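Participant: There's a structure below that I have some questions on.
The values are calculated or read from the model by the stated rules, or taken from the named source; none is laboratory data. Keep in mind it's a predicted model, so treat the numbers as computed, not measured. In this analysis, Cβ positions are derived from the backbone assuming ideal geometry, glycine residues included, and neighbour counts consider all displayed protein chains. Just the protein is used for accessible areas: all its heavy atoms, side chains included, with ligands, DNA and RNA removed. Shrake-Rupley method; radii C 1.70, N 1.55, O 1.52, S 1.80 Å.
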Amino acid sequence: MKSRCLWLLGALLVTLQVWGAVPPKSIYNPSPADGDLVLPMPNGAEMVLRPVEVPGKGFWGARERFVQMGDASGGAFEGIQRSMVAGSFQDAQNERWIIWIGKYELTKGQFVAVMGSDALAAASGNSADQKFDDLQGRKLKQAQAMPLAWIDYQVIEDFIRAYNRWLFDPAHPERQAGLPAVDGVPGFFRLATEDEWEYSARDGLEAIKDGSFNDRVPFAARQLNEYAWHLGNAKNKPRPVGMRKPNRLGIHDLYGNVHEMTAGIFRPEVWQGKPGGVPVRGASVSSPAGKVRSSYRTEFDAYAWDAENKQMVLRRTFNIGARLAFGSNVVVSSATRSALEKEYAEYRKTLRRETPVGRTLDNLVSQASSQLDTVDTVLQQLLDRYPDAQGQVQSIQSYVDTARGQLDQAQRESARSLLQDASRNGTNLSVLVSKRATLETAKKTAEKLLAMSTRYQAQVDAVQKSLDENRAAAEEQYKAYLEKVALIGDYQNEFRTHAFKMLQKKTLSSREARVLELLDLHVQKYNENRMVDKAVWLEEFNKIFSEFR
């Protein structure tokens, strides 16, 4: 009975925290705020999470989830790429998916609460941590608030395992009260993934709404010292968590203090390339101010070669720590699996075709080309094994070559047709932009007349109606234009080049020629970045064609 009461009390406290009550200030939450989810830890410690909203109601995704990750100026490991971010849990209204991520970097106090001070002394490469037990008062509180560093990757994994085990102790159901759950099944602690981390660092949905998601950092460069500990203001010395301003999502120290280990294996381009060590995100107190950016990533060689002693060692360093996230299994029940499979059927026919994976794997022509390349290898193997079958193999090879030629021709025609349609959409848009400038001038004139007499109200209303119709038509044309740019941008360069050459041979008006130049630029940009820059490209249309004659 006592256990049941504790469980209900815990559920009530967590509910109050999630629904707006600001939790009390503590060592583990030095800057409490609305929306904090405060979860228990051993010995009275706390773990604080923040919700990060992801666009779209469906499990499989929404167009708004396509975001740009990386930074063109960030070097070889931060190349711009298109990604579809996802959340692990739904909100109370099942209207939005949520990523739950640590509000602060993992601290020494939290580690000691779960693992004990002896474990910290044994795991840490910092001599000061050997004396953690001797600290008292202010010095103890300051040490507890320091980000956990000087530890290797395996220690972090051991900590997460031990914390989850404590949290889900069946003798203490109250510890599970208020945990984010899927169909009643609670989630578990883990490291954040790279896309969860960067999406959060870029201010997530808030930045998508105001168009700042692709900015280098989500604040003015002059405010860097207010948000981050870096080499310029920290001089290689990590500081207690939560002393710098949080981002708009209420998350602290994403841009500096210690680098943060993330889940998975480091690959040069996040999703592809040679698998290596542990992916690390965020700048640190060793990073020059010019290196601080939301996309910052590097490799942590968890197993490092000690050249002096000729042996592999578990790597530890003063400026690499971790930040936890709270995740969930994808399939938590047979009912969940059934619902996901049912939704997938519709998703595969529609939205998946626009995803980075779907554009490649669901392109039937690309599949056929890939399969023909495989046939070449198989035929050569047959010829090596059966030299006497050269005539038959060559006959088959001729059919394959013919099929490949037909596929190439199909892709040329498809690219040309798409480009022609995109050009038509762009030209229609340009006309609407030009006409809008005239309508806006007419509206200003009508409003001046209205100021002198109310009899001109009908004229103002008529012009406003034309403006509204113009904007709706322009939006429709621009949407179609962007869709086709994305499709053309996925074709190989030879097919795109051929399509533009064919269209340039036609007799074009000055307007059509200018649209084609803009279209060529946008297709190149899409092919490089794997995303459309909706706001910037529209501004280019407005700038060129608002006064075009």
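Participant: Exactly one of (1) over 21 Å from Phe548 (Cα atoms); (2) touching a residue at least 24 places away in the same chain (Cβ under 8 Å); (3) among the hydroxyl-bearing types (Ser, Thr, Tyr) is unmet by Tyr481. Its number?
Facilitator: Among (1) over 21 Å from Phe548 (Cα atoms); (2) touching a residue at least 24 places away in the same chain (Cβ under 8 Å); (3) among the hydroxyl-bearing types (Ser, Thr, Tyr), Tyr481 violates only (1).
Participant: Hey, among the residues in region 269-289 that are over 18 Å from the mean Cα position of the chain (by Cα) and loosely packed, with under 13 Cβ neighbours inside 10 Å, which one's nearest to Asp253 (Cα to Cα)?
Facilitator: Once the filter is applied, the top-ranked residue is Pro288.
Participant: While we're on this one: Does region 88-100 include one or more residues that are among the β-branched types (Val, Ile, Thr) and at pLDDT 95 or above?
Facilitator: yes
Participant: Pick from Phe495, Phe545, Phe541: which is within 30 Å of Glu269 (Cα to Cα) and more than 27 Å from the chain's Cα centre (by Cα)?
Facilitator: Residue meeting the stated conditions: Phe495.
Participant: Could I ask something else about it? Take the conditions hydroxyl-bearing (Ser, Thr, Tyr), over 29 Å from Val67 (Cβ atoms), open to solvent by less than 70 Å² (accessible area, probe 1.4 Å) and touching a residue at least 40 places away in the same chain (Cβ under 8 Å) and apply them to Ser453. Does it pass?
Facilitator: no
Participant: Can you confirm whether Phe213 is touching a helix residue (DSSP H, G or I) at 6+ places or on another chain (Cβ under 8 Å), of a type outside the set (Val, Ile, Thr) and in contact (Cβ under 8 Å) with a residue 60 or more places away in the chain?
Facilitator: yes
Participant: Any residue in region 397-419 that is under 30 Å from Ile544 (Cβ atoms) and without any contact (Cβ under 8 Å) to a residue 24 or more places away in the chain?
Facilitator: Scanning region 397-419 turns up at least one residue that is under 30 Å from Ile544 (Cβ atoms) and without any contact (Cβ under 8 Å) to a residue 24 or more places away in the chain.
Participant: Also: If the requirement is being among the small types (Gly, Ala, Ser), under 30 Å from Phe66 (Cβ atoms) and touching a Ser or Thr at 6+ places or on another chain (Cβ under 7 Å), which of these qualifies: Ser83, Ser88?
Facilitator: Testing whether each residue is among the small types (Gly, Ala, Ser), under 30 Å from Phe66 (Cβ atoms) and touching a Ser or Thr at 6+ places or on another chain (Cβ under 7 Å) leaves just Ser88.
Participant: Same structure, new question: Considering region 77-123 alone, what residues qualify as being crowded, with 20+ Cβ neighbours inside 10 Å, acidic (Asp, Glu) and part of a helix (DSSP H, G or I)?
Facilitator: Residue satisfying the conditions is Glu78 alone.
Participant: Here is a further query. Taking Gly56 as meeting all but one of (1) modelled with pLDDT of 90 or more; (2) open to solvent by less than 50 Å² (accessible area, probe 1.4 Å), write down the number of the exception.
Facilitator: (1)
Participant: Restricting attention to region 305-312, does a residue exist that is surrounded by 15 or more Cβ atoms within 10 Å (Cβ to Cβ) and not basic (Lys, Arg)?
Facilitator: no
Participant: Being modelled with pLDDT of 80 or more and open to solvent by 70 Å² or more (accessible area, probe 1.4 Å), is that true of even one residue in region 371-380?
Facilitator: no
Participant: Oh, and also: Please work out which one of (1) closer than 17 Å to Ile151 by Cα; (2) crowded, with 18+ Cβ neighbours inside 10 Å; (3) not charged (D, E, K, R) is the condition Phe213 fails and give its number.
Facilitator: (1)
Participant: Restricting the first residue to region 534-549 and requiring it to be over 20 Å from Val523 (Cβ atoms) and in contact (Cβ under 8 Å) with a residue 24 or more places away in the chain, which pairs with a second residue that is assigned to a helix (DSSP H, G or I) and open to solvent by less than 40 Å² (accessible area, probe 1.4 Å) meet a Cβ separation below 7 Å and a spacing of at least six or different chains?
Facilitator: Matching pairs, first to second residue: Ser546/Val433; Ser546/Ser434; Ser546/Ala437; Glu547/Ala437; Phe548/Ser430; Phe548/Ser434.
Participant: From the set of residues in region 221-257 that are more than 19 Å from Pro32 (Cβ to Cβ) and of a type in the set (A, V, I, L, M, F, W, C), which is most open to solvent (accessible area, probe 1.4 Å)?
Facilitator: Ala221
Participant: Determine which single condition Arg359 fails, assuming it passes every other condition in (1) of a type in the set (D, E, K, R); (2) surrounded by 15 or more Cβ atoms within 10 Å (Cβ to Cβ); (3) modelled with pLDDT of 80 or more.
Facilitator: Every listed condition holds for Arg359 apart from (3).
Participant: Grab the helices (runs of 4 or more DSSP H) fully contained in region 124-205, keeping just those with 2 or more residues being open to solvent by 20 Å² or more (accessible area, probe 1.4 Å) and farther than 28 Å from Arg281 by Cβ.
Facilitator: Fully inside region 124-205 and qualifying: 137-144.
Participant: Given the conditions (1) touching a Pro at 6+ places or on another chain (Cβ under 8 Å); (2) among the polar types (S, T, N, Q); (3) open to solvent by 10 Å² or more (accessible area, probe 1.4 Å), report the number of the one that Ser294 does not fulfil.
Facilitator: In the conditions (1) touching a Pro at 6+ places or on another chain (Cβ under 8 Å); (2) among the polar types (S, T, N, Q); (3) open to solvent by 10 Å² or more (accessible area, probe 1.4 Å), Ser294 misses (3) alone.
Participant: In region 512-545, what residues are in contact with a Lys or Arg (Cβ under 7 Å, 6 or more places away or on another chain) and open to solvent by less than 70 Å² (accessible area, probe 1.4 Å)?
Facilitator: Result: Val523, Met531, Asp533, Ile544.
Participant: Go through Leu106, Leu120 for me and flag whichever is under 19 Å from Arg165 (Cα atoms), of a type outside the set (D, E, K, R) and out of contact with any Leu (no Cβ under 8 Å at 6 or more places or on another chain).
Facilitator: Leu120
Participant: Another question about this same structure. Which members of region 23-60 meet the condition of being part of a loop (DSSP other than H, G, I, E, B) and farther than 19 Å from Val241 by Cα?
Facilitator: Once the filter is applied, which keeps residues that are part of a loop (DSSP other than H, G, I, E, B) and farther than 19 Å from Val241 by Cα, region 23-60 yields Pro55, Gly56, Lys57, Gly58, Phe59, Trp60.
Participant: Looking at region 494-545, which of its residues are at pLDDT below 90 and among the hydroxyl-bearing types (Ser, Thr, Tyr)?
Facilitator: Within region 494-545, just Tyr526 meets the criteria.
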